[in-house]
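Enquirer: Could you have a look at this structure, given as structure tokens, before my questions?
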Amino acid sequence: MKIENEEALDRLIICQQCHTLHEEIPIKDGTKAVCTECGSMLYHYDSRLVDNGLAWSITGLIFFIVANSFPLVNIELLGHEQFITIFKTFLSLFDSGYYLVGLMSLFLIFLFPLMIFLINIILFTLLKLKKAPQFTKELLILFSHIKPWSMSDIFLISVLVALVKLIGYAQIHMGVSFWALAIFVAIDLYITKRIHISEIWMLRKRIFENKGNR
Ligand SMILES: [Zn+2]
């Protein structure tokens, strides 16, 4: 079906809470637009979004690399000491024959979170340089496909649950990676909460429309 006047559709925004349609209007820097029906926030405009997004993404990636490079926990049981790293958990799943679970964990806990932060860094860098309108569009679409499958937060919680169950049986020492993972998850949640994907779309439109008009 051919939609008449797609340009006009581009200027509409849907409220995530009550699903009413609103026309997108330009707002001042640092202010937000709210839904007239339910009062929830539709979007906000922050001119420093690109710089903030880039800074948080790079910081997150550094913590992600640290989380994957050092031991997560050190478990001492009956005189045996064992260091557990994130990568070791994948290997032991494969070793035990749980290939599907191992592969899924590799994607959900390692590849997708890594890809999301790399996409963010490339995306914000390109937006900052005002380059590659088509590629940034493809990156944003890829981002929205992968985002629901990044499960570092769920992994962190399951590690905590497993450790709580081990208390009393074994001596547990948290490694550097555990704290790095916790900070990484916090940054990931902060970015998700602070920067809505619709706002990046709007920002992209604003950047390349302004550029086109010049
Ligand atoms: Zn609403």
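The values are calculated or read from the model by the stated rules, or taken from the named source; none is laboratory data. Keep in mind that what you see is a predicted model, and the values were worked out from it rather than measured. When we count neighbours, we look across all protein chains shown, and the Cβ atoms used for this are built from the backbone with ideal geometry, even at glycine.
Enquirer: What are the residues in the stretch 54-82 that are over 20 Å from Ile172 (Cα atoms), in contact (Cβ under 8 Å) with a residue 12 or more places away in the chain and among the small types (Gly, Ala, Ser), if any?
Expert: Ser57, Gly60, listed by residue number.
Enquirer: Considering (1) farther than 24 Å from Lys165 by Cα; (2) buried (at least 16 other Cβ atoms within 10 Å of the Cβ), say which one Ile84 fails and leave the rest.
Expert: Looking at each condition in turn, Ile84 falls short on (1).
Enquirer: Under 8 Å between Cβ atoms, which residue pairs at least 6 apart in sequence (or on different chains) link something in the stretch 26-44 that is among the aromatic types (Phe, Trp, Tyr) with a partner that is in a strand (DSSP E or B) and surrounded by 14 or more Cβ atoms within 10 Å (Cβ to Cβ)?
Expert: Tyr43/Ile13; Tyr43/Ala33
Enquirer: Residues in the stretch 112-143 that are over 16 Å from Gly53 (Cα atoms), without any contact (Cβ under 8 Å) to a residue 60 or more places away in the chain, in a helix (DSSP H, G or I) and in contact with a helix residue (DSSP H, G or I) (Cβ under 9 Å, 6 or more places away or on another chain): how many?
Expert: Going through the stretch 112-143 one residue at a time, the tally reaches 3.
Enquirer: Considering only residues that are at pLDDT 85 or above, part of a helix (DSSP H, G or I) and not charged (D, E, K, R), look in the stretch 1-54 and name the one that is nearest to the ligand (Cβ to nearest atom).
Expert: Leu49
Enquirer: While we're here: Say whether the condition of being assigned by TED's automatic domain parsing to the domain that holds Glu209 and assigned to a helix (DSSP H, G or I) is met by at least one residue in the stretch 69-83.
Expert: Within the stretch 69-83, one or more residues are assigned by TED's automatic domain parsing to the domain that holds Glu209 and assigned to a helix (DSSP H, G or I).
Enquirer: Here's something else I'd like to know. Tell me, yes or no, whether the stretch 125-147 has at least one residue that is within 11 Å of the chain's Cα centre (by Cα) and closer than 20 Å to Ser69 by Cβ.
Expert: No, there is no match, as no residue in the stretch 125-147 is within 11 Å of the chain's Cα centre (by Cα) and closer than 20 Å to Ser69 by Cβ.
Enquirer: I've got another one for you. With the condition kept exactly as written, say whether any residue in the stretch 58-74 is within 19 Å of Val176 (Cβ to Cβ), at pLDDT below 95, of a type in the set (Val, Ile, Thr) and crowded, with 18+ Cβ neighbours inside 10 Å.
Expert: Checking the stretch 58-74: at least one residue is within 19 Å of Val176 (Cβ to Cβ), at pLDDT below 95, of a type in the set (Val, Ile, Thr) and crowded, with 18+ Cβ neighbours inside 10 Å.
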